[in-house]
Structure formats: C-alpha cells, structure tokens
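Notes follow once the structure below has been shown.
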Amino acid sequence: MKNLNSGREIRDVSFNLKKGEILGFAGLVGAGRTEVARAIFGADPIDSGEIYIMGKVANIKQPSDAVKNDLGYLSEDRKRYGLCLGLDIKNNVAMTIVEDLTTSIGWIKDNLIADISGNIVNQLSIRTPSLEQTAKNLSGGNQQKVVVGKWLAKDADILIFDEPTRGIDVGAKQEIYTLLNELAQKGKSIIMISSELPEILRMSHRVVVMCEGRITGELDYTEATQESIMQLATMRNGKKPLQ
Amino acid sequence: MENVKNGNNKEKKRRAETFQRLMAFGALIIMFIGFSLASPYFFTFNNVVGILIATAVNGLLALGVTFIIISGGIDLSVGTVMTLSSVMTAVVIKNLGLPVWLGVIAGVMTGSFAGFVNGILISKLKLPPFIATLGMLNVARGLSLVITGLSPIYFPLESGFSNITMGSITAQIIPGFEIPNGVLIMFGMALLAGLILTKTVIGRYTFALGSNEEAARLSGVNVDFWKTAIYTLSGFFVGVAGVIIAARLNSAQPALGQGYELDAIAAAVIGGISMSGGEGNMLGTIIGAFIISTLTNGLRILSVPQEWQIVVTGLIIISAVYLDIIRRRRKI
C-alpha cells in the first residue's frame, strides 16, 4: 500500500494515494489542484503538513527531493515547464537520469543514454526521425510523450499528471490513456488532475474533488458521475473535507 | 508529412550549425588573407605568435564566460577577478616567498572562489546575475588595490614565474620553433572546456539551465547547486587567466582588468554564443577571441589609430549578432 498523505494548513488538504491506482482530481479551474500537485512535488513551499510515502515521512522541500523520493510531475503547461524546447529529445528524456549515468571520472555515458532514450521513444511510439530532433519541432502529443518519457526513464513510482491530454489530438489522447492504465497496472501510483469530466470518469479508480482550495469530497468509481462530481466541485462555504 | 518536415528540420539544423561555425572561421581566414595582402609584416612567425599570445588571456576569460552565457547568465566580473587572482598569486610568491606552484594554486583558487561567491549570490540570494557580478567587479577591483597598496607587485626574476606564459617548451623540443607556453595552455584549457561542456553533467546542465531553467528544476535538477557550480567552474578559467597574464607581465597590475570582461563577452558573441542561452560551443568562442585579436593586430600594423580599432571591433560584434539573428530566423 503506497500512501501519500498531505495536509496543508491554509487549505487543509489530506488524501491517500494507493499503489496501482489512478486518483482523479476533479474541480473547476482555480480550485487549487495544480497548487496541491506543486506543493507535493516541492515546487512551491508548504506552510504546514506532511507527506508520507509507504508510511514514512518524506522531507520534500524542492523538486530534487521529490524526484529522489521517486515522484514525477507533469505540469499542465508542458512547453513552459515540462520541456527544454531548445534541446533535443534525447536530452529532454535523459534529464532525470543523466547524473546517474556517468563513468568514474565524470564523463556521461552517451551510448547508454542514447539506448535508454531510444527504447523509451519506441515504447511510447514517439514519432520522430531521430533522437536529435529538437523538442520545439514536435507535435503536442509527441511533446507530452517526451515529458512522460522523462519520468519513465527515471522509473518514478508516483506520478502526478496535470491535464495530461490538454491540446493533444484524439489519436495521441488514446495512447496516453492506454499508457496511464499500463502504468497503473505495473504498480505505479497516479494522480491525474483533469478538467475534462469524461476523462476523469473514464480513467479514475477514485475521484477527489476540490473547490476553492479545499477537498470537498471523495468518490470511488461507482459513485462518480457528472452530477456527483459537479455538485462537489461547486460546493463552497468552506465545508470540512469528508473523511 | 510530419516525418518529411522533421527530416528536413534535422538537416537544416545541422547545416545551420556547421554554417555558423564555418562562417566565424571563414571570417577569420578572410581577415588573415586580407591583412597579409595589405602588409608584409602581418604574416610573419613573430607577428602570428604575437596574435596567439594576445589571444591567450582573452581566450581563457572567454571560455569561462561562455559557460555562464550558455547557462543563461552573465558575468561582468571576469576582468577584475582575473586581476585579483594575479594579485593573490603575486602575494603568495613575492610577499610570502612561497614556491611558484603554490602561487599558481592561489591564483586559480581565487578565481574559483570569486565564481563561487557569484554563484551563491545568484542562486541562493536570488540576485540578478548582472547586479551580482557587477558588485563582484567592484569588490574584486577594490580588493586588488587594497592588497597591493595601489602599486604593482613584481615577481622576482629568479622565480622563473614568467616562464609559465613566456617560456617555451616547444622551443626546447624543436629549436627555433618558439610557441609561448601561454598559448599552449590556452589551447589545452579550450580543449578541457569543450570536453566539460559536451561530455559532463555540468555541461549538460549548462545547456538545460540556459534553455529552460524552470523545466530543469521541475525535472529534479538541483538548480541552486549546479548554477553555483557553473559560476565556480567559470571562475576557475578566470583564475588561470590571472596567472597567465601575471606571468606575461611578470607582475600583478592592480589597476588592470576592468574592461577585459567586455572583450571576453565579445569573443563569445562573435563566436556565435547566443546571449539568450541554451546554445553554443567552445570552438566558436576561441575563434571569436582570435577574430578580435587578429583585428586589433592587423589594424595596428596598418597604422590605423587605436580609436578606430575599437570602433571596428564594435561593428563586428553588431554584425556577428545580426547575422546570427538572421540565421535563427531561417531555422524553423
């Protein structure tokens, strides 16, 4: 059982994440979901609260701490926060692992990196004539796959996807959904933030709903419907989160 | 269709990069040919050696600055930190009477430490690089004056210190073929810098930070640590430059240095390093440094007044950057 539990004083957000599950995060735009994701990942400072991973407290003050704890984060703005557009696919995918793949004197094992990136490009069906293709020149779907590839390379266990299929064509969307399911089946724990209700309903094992910075409810996939989610998503007045 | 377009892009990118490198090198060759035709004194062994040795110091500074510019930063302090490094070398050798090699280490450590401080100011204290290094420029200059008491420190002739730059190993191997050591050191350092940039983690992260620092941070790169490391690394090359210039002049001149940073940055820019960061290579920087010293030397031989040399250098910087902008627009 993989538990991720965080409470933040300002918004009092607490939830669990189980191994092998896709936890959907629903809510209106501005509900605070991205903020929660960034806080967990160490991208923004936390006022108070703890994160437990596998029962032990995880000290996450910056993204590098989160990555050491096998977390991965795909921001909703992949061009601005997910990729180095000026670099090629290989270096984008390898960004999470390059420090680990050096010889004893410090030279990067470029062949190994090329192999690993190549495998990931194939695994994710990233359409590109070569690994040296600049990220800027890829389509939205392929760019998103490169970002996913970066976390696959690191073999992150806990993945936070923020709007994973925004701005992506239908075909690539399908591939991403398939990929998410595969990852969950392999035992990864996934948080999926999405503003597309069909996506939430289709992919999530459980759904956490937020409104104005607070968690307003938690539904499992049998209870989750458009109505039940929307009701929780618009529930203001600072009600306490349901246990 | 996407594959065709992408295939063309890769070709275009390769061609554009090669074109840019060839262009800088080509400009250098054209200059050489031009000056040789204009004056018989230009293409002589002694004069070319003069160009080489004049490039050594600026080249070393430019190597350090290149790391910083590619990473998206700027360093205005390289000139005065170089001077401070030469001062510390002199203090250790002349005033403390310690062996030459300790003096060299002192100089290199001074440069590295100043770079480290810059890095801390910029990454931890979040000062903008321009401001932080401007402050360091003044601090280093002031310290040089304070430590030396405003006058130069001369190295004792017996120490053989000036041989570091002005001596010649090649002359001992091939009599008459006297390439000053300083030139060899510069080329060696350029090779080292190039290897670091392309084959090590710090080099990779230099490009990453320059391309998209926040994306790198969100990928788990410890940006504060590596930024500081990059500035420290740059400081290493600045420290070496300090030792080399001190050996060339056989003295530490505390009032020197300010203004050198501009030539270093100019060399990088002429060599094709983009000021917005994320791309560049050391070969371009070295070619850029040579272009500047070739220009200065050639114009001097043609008796062009020094004032005009400076004007021409400025024009070349502008043209180089403009050509780079055009090249970028043609690249998708």
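The values are calculated or read from the model by the stated rules, or taken from the named source; none is laboratory data. Just so you know, these numbers come straight off a predicted model, no measurement behind them. FYI the Cβ positions are ideal-geometry reconstructions off the backbone, even for glycines, and counts take in every protein chain you see.
Quick notes on this one:
- Taken over segment B:90-103, the residue count meeting the criterion of being over 16 Å from B:Leu157 (Cβ atoms) and either under 21 Å from the mean Cα position of the chain (by Cα) or aliphatic (A, V, I, L, M) (or both) is 5.
- Segment A:99-138 - residue that is surrounded by fewer than 19 Cβ atoms within 10 Å (Cβ to Cβ) and at the interface with another protein chain (Cβ under 7 Å from one of its Cβ atoms) and, of those, nearest to A:Thr178 (Cα to Cα): A:Arg127
- Residues of segment B:64-89 that turn out to be part of a loop (DSSP other than H, G, I, E, B) and within 13 Å of the chain's Cα centre (by Cα), as a count: 4
- The condition of being away from chain A (no Cβ under 14 Å), assigned to a helix (DSSP H, G or I) and either within 17 Å of A:Val93 (Cα to Cα) or of a type in the set (Asp, Glu) (or both) holds for only one of B:Glu158, B:Glu178, that being B:Glu158.
- Subset of segment A:29-55 that is assigned to a loop (DSSP other than H, G, I, E, B) and modelled with pLDDT of 90 or more - its residue that is farthest from the other protein chains (Cβ to nearest Cβ): A:Gly42
- The set of residues in segment B:248-279 that are outside any helix (DSSP H, G or I), surrounded by fewer than 24 Cβ atoms within 10 Å (Cβ to Cβ) and of a type outside the set (Asp, Glu) comprises B:Asn250, B:Ser251, B:Gln253, B:Ala255, B:Leu256, B:Gln258, B:Gly259, B:Ser274, B:Met275, B:Ser276, B:Gly277, B:Gly278.
- Options B:Leu218, B:Leu262, B:Leu233; residue that is within 14 Å of another protein chain (Cβ to nearest Cβ), hydrophobic (A, V, I, L, M, F, W, C) and within 13 Å of the chain's Cα centre (by Cα): B:Leu233
- Hits in segment A:57-98 (condition: more than 7 Å from chain B (Cβ to nearest Cβ), outside any helix (DSSP H, G or I), in contact (Cβ under 8 Å) with a residue 24 or more places away in the chain and over 15 Å from the mean Cα position of the chain (by Cα)): A:Asp88, A:Ile97
- Neighbours by Cβ (under 9 Å, 6+ apart or cross-chain): first from segment B:168-192, surrounded by 15 or more Cβ atoms within 10 Å (Cβ to Cβ); second among the charged types (D, E, K, R): B:Ser168/B:Glu178; B:Thr170/B:Glu178; B:Pro180/B:Arg248; B:Gly182/B:Arg248
- Meets criteria (among the small types (Gly, Ala, Ser), touching a strand residue (DSSP E or B) at 6+ places or on another chain (Cβ under 8 Å) and crowded, with 16+ Cβ neighbours inside 10 Å) for B:Ala106: no
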